[in-house]
Every structure is written in C-alpha cells, then in structure tokens.
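Take a look at the structure below.
Coordinate-derived values only; no laboratory data. A quick note: this is a predicted structure, and the numbers were derived from the prediction, not measured. Note: ideal-geometry Cβ built from the backbone for every residue, glycine included; neighbour counts use all protein chains shown.
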Amino acid sequence: MQVTCPQCGARYAVDPSAIGPTGRTVQCARCSHRWFEKLEAAPAASPLPPPDMRPVPDFVIRPQSHYSAGLPAISPPRHTVHWGRWAAAAAVLIVAVGVAAFAWRDEIRDRLPPSWSALLSPDGARGLLASPAKAMRTNAPAEQARIELDLAASKIELVDGSYVVRGELFNSGRAVGSTSTLKLIFRKGDDVLGERAYSMVEGPIAPGGRLSFSRPFDDPPDGTNNIVPSVE
C-alpha cells in the first residue's frame with residue numbers, strides 16, 4: 001500500500017501487515033511529522049488477523065528515494081586549465097616580438113631618445129651588465145675599528161672608598177677607533193641585578209694597538225658578586 005505524509009507529501013511503500021487492522025501511529029523520515037494511519041480496505045480474499053493479536057509498536061517509515069544517506073555526493077566537474085597551451089602561446093608571442101624587433105632594429109633605434117639608443121648599442125649593453133658588479137664593489141663594507149675589553153687584564157678595585165674599573169683595551173679591527181661608553185652588568189650568580197652605562201672616551205687606538213684605562217663607578221647593588229664590563 002502507499003502511505004503519504006500529510007505534512008510534506010512524501011510517499012512510502014508500506015506492507016499492509018505493518019499497519020495492522022486497527023491502524024498505527026507512524027512518523028515521516030523526511031520531516032518527522034507523526035500521524036495515525038489506517039489500513040486501506042483489504043481485498044475480500046485477505047484473511048483478517050486474529051482479534052487477540054498484540055499491537056505492534058510505532059515505527060518510522062524510511063523513504064525509498066534519493067534522500068538516502070548511503071548514496072555518494074555528486075561533485076561538480078572540475079575545469080582543467082591547460083597551462084601547456086598557454087605557455088606555448090606565450091613562447092610563440094615572445095619569439096615573434098623578438099624577430100620583429102631584430103628586423104626593424106635600426107628604425108626602432110632612430111625613434112628612441114639618445115639615452116635609450118646608447119643603451120641599445122653593444123658598448124652600452126656591456127656597460128649595463130658591468131654596472132651591478134661595479135655597484136657591489138662600491139658598496140662593499142668599509143674597514144672598521146673593533147675596540148674590545150681585555151677581561152684577563154681587567155679588574156675591579158676599591159680606591160679611597162670608590163669602586164674603579166681598571167683594564168686594557170685593544171683594537172682587533174682594521175681601522176683606528178675609540179670608545180664612547182663603558183657598560184657594567186651586575187650579577188648575583190645567574191641573576192642580573194642591574195645594568196649601568198658610563199661615558200668613557202678612550203683613544204684613538206690603532207689597529208692591533210692596546211690602551212690602559214681607569215674608570216670609577218657608583219656602588220654596585222646589594223648582593224652583587226660578579227661584575228661584567230664591556231665597551232662601545
């Protein structure tokens with residue numbers, strides 16, 4: 001028999017014996033609407049079920065249509081881009097432009113400004129190719145000074161109640177240089193208690209040269225057991 005949902009109109013093929021002679025509450029699998037369905041008039045030859053048959057519990061009618069979740073999804077076709085054809089067309093166009101430019105090179109040179117005409121000449125092309133290398137040589141880093149503190153020859157002293165850093169500076173660079181700042185890092189073990197910077201102009205120091213210095217500084221923070229000096 002055919003059963004139609006009064007809510008959404010979905011139709012289902014149902015075995016009459018599942019409905020029973022007294023009817024049954026059913027539920028649509030599409031919209032979840034529930035209603036009481038009665039059995040259609042049965043043919044005369046169909047035997048009636050025994051009157052004492054127990055009622056069958058409600059059931060959900062499953063539609064036999066394209067709404068089945070077991071079917072695979074249909075994906076739209078993919079548009080394939082033929083990159084090979086585009087690349088071949090671009091190559092043909094470039095070759096055609098190159099051949100035309102070579103054939104009418106004299107006419108093109110006469111119509112260009114003088115500066116462009118010079119670039120199209122063989123000497124101008126060689127000069128253009130040589131310019132990047134020349135620029136690289138021009139922008140090469142210049143020789144610089146590198147003033148460092150010789151920690152092995154430096155120490156902290158207490159002179160007349162004031163702390164003083166004494167040590168030696170050396171220039172490991174390739175140019176004459178001077179210092180401008182003394183930096184001190186105050187530590188307690190691995191902990192940094194503070195940092196200070198003092199003006200200290202020493203020099204000039206020639207490449208490979210050394211220079212002794214002495215610079216007082218304020219009392220270190222309480223608990224300091226290590227002072228790390230550096231110069232700039």
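In table form, for the structure just shown:
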{"read-out": "Extended-chain gain in nm, criterion 0.36 nm per residue less alpha-carbon gap, Glu168 and Arg11", "value": "46.5 nm"}
{"read-out": "For Val165, Val201, order by how many other beta-carbon atoms lie within 10 Å, fewest first", "value": "Val201, Val165"}
{"read-out": "Sequence-distant aspartates and glutamates (8 or more away, or on other chains) whose Cα lies within less than 15 Å of Lys38", "value": "Asp15, Asp58"}
